[in-house]
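K.L.:
Take this structure, written in structure tokens, and hold onto it; I'll ask about it next.
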Amino acid sequence: MGRLIFLLSGEHPTLPASEVLASIEAEGYDCRVKEKIDQGLVVRTEADPKSLSKRIAMTHWIGEHFCTSRLDEVLDAVGSTDLIDFLPHGESIAVRVRRIKQYSPEVDVIKLAKDIADQLLEEVKFQVDLTNPDNEIVCVLTEDLCALGVVKAKVDRSQFEERRPKRRTAIHPATLQPRFARVLVNLARTPREGSLLDPFCGIGGILLEAGLIGAKPIGMDIKPDLIEGAKENLKWAGVDEFELQVGDARELSIGKVDAIATDPPYGRQASTGDLELKEVYEEVLPVLSRTLKGGRYLCICAPQELDLKELASGLKLSLEEKHKQRVHKDLTRNIYVFRRKKD
């Protein structure tokens, strides 16, 4: 297995690392976590960095990992790796040092980058190109450690800004931001050519992100105007293959699906009809469990006052993950990831 390092975004304490691991599983690969550090994750896997970079949202870049060492041992650690053999001779390099938060303020990052580069150049006369190098070597300073990797793929996080809700054809105040919607799709381990269901799809924020990674989005909502908005947004984003229907999530009439990701209505800008919020989840969870293929995943959000693990007891759903996210001062939600037990 190869060893990959992920520079995580740090915008949530647990979601970025969990998204990486879920995405690797969704791509059909095994992985083993080697190190977890602040905004860094090192795993052993055969997954392709470029393929992963096209689906994950809360990561900056993915690289080949070579060493993690104490700061006073950085140069010795670099010298003991096979980094020299890994870098193609005749290609250009650039060494950069990235400080996470306020770790190691005493370190002169420019000098450290130069010292690492000088050590490499003693062995092989690489061409140095700080503007557009063939190989970008990054030293990440975090938790008084230095993690060294060669960047293999960068995540285009600007794409999510281009899909902000206000830029879409149909707009609704309760729509999820695209980065978070993509994370839900990935936590559900959505396969690229599989099907993803959102039974409370609204105007299609989650469906849109599923379609963009190559899955077939299937959406349902009780309001016809929202379904029409979802159709407009999917076409706006260039997603051509999808299935939408007006209906009640408690009465799903579709076949088995590969993944479910959903954020049911519970905020001020959304309606639960005539049902109490707890009733919505009590009545919907059994339906979702029956609709999900065995061994596949359901990612579902709920306000923190509801305990979905308790509500799902008795169903063929095992809780795999739970993440807490503060939305605003009046709302904190939990993100649950359940796995459907095999029949």
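The values are calculated or read from the model by the stated rules, or taken from the named source; none is laboratory data. Just so it is clear, the model here is predicted, and its values are computed rather than measured. Don't worry about glycine lacking a Cβ; one is built from the backbone with ideal geometry, like all the others, and counts go over all protein chains shown.
K.L.:
Taking the residues in the range 283-323 that are exposed (fewer than 15 other Cβ atoms within 10 Å of the Cβ) and in contact (Cβ under 8 Å) with a residue 40 or more places away in the chain as candidates, determine which candidate is nearest to the chain's Cα centre (by Cα).
P.N.:
Gly295
K.L.:
Now, a different point. Could you check the range 236-248 and list, in sequence order, the residues that are under 7 Å from Asp221 (Cα atoms) and either outside any strand (DSSP E or B) or among the acidic types (Asp, Glu) (or both)?
P.N.:
Across the range 236-248, the qualifying residues are Gly247, Asp248.
K.L.:
From the set of residues in the range 198-226 that are crowded, with 19+ Cβ neighbours inside 10 Å, among the β-branched types (Val, Ile, Thr) and within 19 Å of Leu288 (Cβ to Cβ), which is farthest from the chain's Cα centre (by Cα)?
P.N.:
The qualifying residue farthest from the chain's Cα centre (by Cα) is Ile218.
K.L.:
Go through the range 99-145 and report how many residues are aromatic (Phe, Trp, Tyr) and within 27 Å of the chain's Cα centre (by Cα). Even if it seems obvious, please write down each step before you answer.
P.N.:
We begin by selecting, within the range 99-145, every residue aromatic (Phe, Trp, Tyr); these are 103, 126.
Add one more test, that the residue is within 27 Å of the chain's Cα centre (by Cα), and what stays is 103.
Count: 1.
K.L.:
Something else now. Can you find even one residue in the range 111-120 that is surrounded by fewer than 19 Cβ atoms within 10 Å (Cβ to Cβ), closer than 18 Å to Asp38 by Cα and not assigned by TED's automatic domain parsing to the domain that holds Leu207?
P.N.:
No, the range 111-120 contains no residue that is surrounded by fewer than 19 Cβ atoms within 10 Å (Cβ to Cβ), closer than 18 Å to Asp38 by Cα and not assigned by TED's automatic domain parsing to the domain that holds Leu207.
K.L.:
Hey, another quick one. State yes or no: is Leu331 crowded, with 18+ Cβ neighbours inside 10 Å, among the aliphatic types (A, V, I, L, M) and not assigned by TED's automatic domain parsing to the domain that holds Leu15? Before the answer, list the steps.
P.N.:
Details: crowded, with 18+ Cβ neighbours inside 10 Å: no; among the aliphatic types (A, V, I, L, M): yes; not assigned by TED's automatic domain parsing to the domain that holds Leu15: yes.
In short, no.
K.L.:
Residue by residue through the range 157-176, note down the ones that are touching a residue at least 24 places away in the same chain (Cβ under 8 Å) and surrounded by fewer than 17 Cβ atoms within 10 Å (Cβ to Cβ).
P.N.:
At the first step, the residues of the range 157-176 found to be touching a residue at least 24 places away in the same chain (Cβ under 8 Å) are 157, 160, 163, 165, 168-176.
Residues satisfying the conditions are Arg157, Thr169, Ile171, Pro173.
K.L.:
If you take the residues in the range 1-38 that are in a helix (DSSP H, G or I) and either assigned by TED's automatic domain parsing to the domain that holds His323 or not hydrophobic (A, V, I, L, M, F, W, C) (or both), which one is nearest to Val97 (Cα to Cα)? I'd like the intermediate steps shown before the answer.
P.N.:
Of the range 1-38, the ones in a helix (DSSP H, G or I) are 15-26.
Cutting the leftovers down to either assigned by TED's automatic domain parsing to the domain that holds His323 or not hydrophobic (A, V, I, L, M, F, W, C) (or both) gives us 16, 18-19, 23, 25.
On the way: Pro16: 21, Ser18: 25, Glu19: 25, Ser23: 27, Glu25: 30 Å.
Top of the filtered list is Pro16.
K.L.:
Could you list, in sequence order, the residues of the range 1-26 that are more than 19 Å from Glu321 (Cα to Cα) and either buried (at least 21 other Cβ atoms within 10 Å of the Cβ) or under 14 Å from the mean Cα position of the chain (by Cα) (or both)?
P.N.:
First, pick out the residues of the range 1-26 that are more than 19 Å from Glu321 (Cα to Cα): 1-7, 9.
If the condition is that a residue be more than 19 Å from Glu321 (Cα to Cα) and either buried (at least 21 other Cβ atoms within 10 Å of the Cβ) or under 14 Å from the mean Cα position of the chain (by Cα) (or both), then Leu4, Ile5, Phe6, Leu7, Ser9 are the ones that fit.
K.L.:
I've got another one for you. Does the range 316-326 include one or more residues that are part of a helix (DSSP H, G or I) and under 22 Å from Thr14 (Cα atoms)?
P.N.:
Within the range 316-326, the first condition is being part of a helix (DSSP H, G or I), and the residues that meet it are none.
No, the range 316-326 has no match at all.
K.L.:
Just to be sure before I move on: is Cys139 touching a residue at least 24 places away in the same chain (Cβ under 8 Å) and touching a helix residue (DSSP H, G or I) at 6+ places or on another chain (Cβ under 6 Å) in the structure I sent?
P.N.:
Details: touching a residue at least 24 places away in the same chain (Cβ under 8 Å): yes; touching a helix residue (DSSP H, G or I) at 6+ places or on another chain (Cβ under 6 Å): no.
Taking the combined requirement at face value, the residue does not satisfy it.
K.L.:
Answer with yes or no whether Gly219 is among the small types (Gly, Ala, Ser), assigned by TED's automatic domain parsing to the domain that holds Pro178 and outside any loop (DSSP other than H, G, I, E, B). So that I can check it myself, show each step before the final result.
P.N.:
Details: among the small types (Gly, Ala, Ser): yes; assigned by TED's automatic domain parsing to the domain that holds Pro178: yes; outside any loop (DSSP other than H, G, I, E, B): yes.
Against the criterion (among the small types (Gly, Ala, Ser), assigned by TED's automatic domain parsing to the domain that holds Pro178 and outside any loop (DSSP other than H, G, I, E, B)), Gly219 qualifies.
K.L.:
Can you name every residue in the range 146-166 that is under 14 Å from Ala237 (Cα atoms) and out of contact with any helix residue (DSSP H, G or I) (no Cβ under 9 Å at 6 or more places or on another chain)? Working first, answer last.
P.N.:
Of the residues in the range 146-166, the ones under 14 Å from Ala237 (Cα atoms) are 159-166.
Across the range 146-166, the qualifying residue is only Lys166.
K.L.:
Continuing with this model, one more query. Among Gly194, Gly149, which is the only one that is surrounded by 23 or more Cβ atoms within 10 Å (Cβ to Cβ), among the small types (Gly, Ala, Ser) and touching a residue at least 24 places away in the same chain (Cβ under 8 Å)? Spell out how you get there, then give the answer.
P.N.:
Values: Gly194 fails: surrounded by 23 or more Cβ atoms within 10 Å (Cβ to Cβ).
Unique residue meeting the criteria: Gly149.
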